[in-house]
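The values are calculated or read from the model by the stated rules, or taken from the named source; none is laboratory data. Since the model is a prediction, treat every value here as computed from it, not as a measurement. Cβ placement follows ideal geometry from the backbone for every residue including glycine, while neighbour counts extend to all protein chains displayed.
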Amino acid sequence: MANLKREVYEMTRIAFSLLAVFSLIMICSCKNSSTTPESAPVVKRESWKDHGCELITDAELEKMFSFDAKATFLNSRSLPDQVFCLRTWKKPDWKERESFNERTPDKWLNPENRLVIQLFDYLYPDLSKQQMDGLRRDRRNTYDLDVTGVGEDALWSTSTLTLLARKGKYTISITLEYLDDSAQNLPKAKEVALLALSRI
């Protein structure tokens, strides 16, 4: 009888040990296979409608512009049935800027950064090219600079802080209010456009 109790005890102990090991293996495999939204890969989509904020993720934006989303009140907004994403986040000295704006009404310092991404699908590459050529011809006062190294063709507007870049049937529009000197926003706008275009 004592031997039988000992055998039952040993078998129970082994069973619990195996159960503990199995549970540990399952927990580890679940942790390795799961992906957080920040680490999940961005999928290439047939249609980007309603997914404009996936062209550049919040995490990528934080890294690209070196800021903390919570500390700077990052806000992302999209529009239904469009490929559109508006993001705003506070500048590091936003409180001082707002105070300056209250004291000096004839001058204004922007207290926040703004990035607007829009993607236009012209269905055919020729139509996308015609649109870009038309802007270069008819709105040269606005789109005053030809840009190289972004897509197949690109234009920059110093007055509206907007970069237009074409890739196949698509044209992407990047409007970036980041640095106070408007001309200095182009390099960062190009960086944003290159990442977004790599996904389409």
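Taking residue 91 as meeting all but one of (1) surrounded by 14 or more Cβ atoms within 10 Å (Cβ to Cβ); (2) touching a Leu at 6+ places or on another chain (Cβ under 8 Å), write down the number of the exception. Residue 91 satisfies every listed condition except (2).
Is it the case, given these coordinates, that residue 154 is farther than 27 Å from residue 75 by Cα, in contact (Cβ under 8 Å) with a residue 24 or more places away in the chain and in the same structural domain as residue 76 (by TED's automatic domain parsing)? For residue 154, the condition - farther than 27 Å from residue 75 by Cα, in contact (Cβ under 8 Å) with a residue 24 or more places away in the chain and in the same structural domain as residue 76 (by TED's automatic domain parsing) - is met.
Residue pairs whose Cβ atoms lie under 7 Å apart, sitting 6 or more positions apart in sequence or on different chains, and linking a residue in the stretch 61-85 that is surrounded by 14 or more Cβ atoms within 10 Å (Cβ to Cβ) to a partner that is basic (Lys, Arg) and part of a loop (DSSP other than H, G, I, E, B), are 82/49; 83/49. Taking the stretch 53-90 as the range and being more than 21 Å from residue 185 (Cα to Cα) and assigned to a helix (DSSP H, G or I) as the test, only 54 passes. Counting only residues that are within 17 Å of residue 133 (Cβ to Cβ) and among the polar types (S, T, N, Q), the stretch 163-191 holds 2 of them. Taking the criterion of being among the polar types (S, T, N, Q) and either surrounded by fewer than 16 Cβ atoms within 10 Å (Cβ to Cβ) or outside the structural domain of residue 192 (by TED's automatic domain parsing) (or both), the residues of the stretch 125-151 that qualify are 130, 131, 141, 142, 148.
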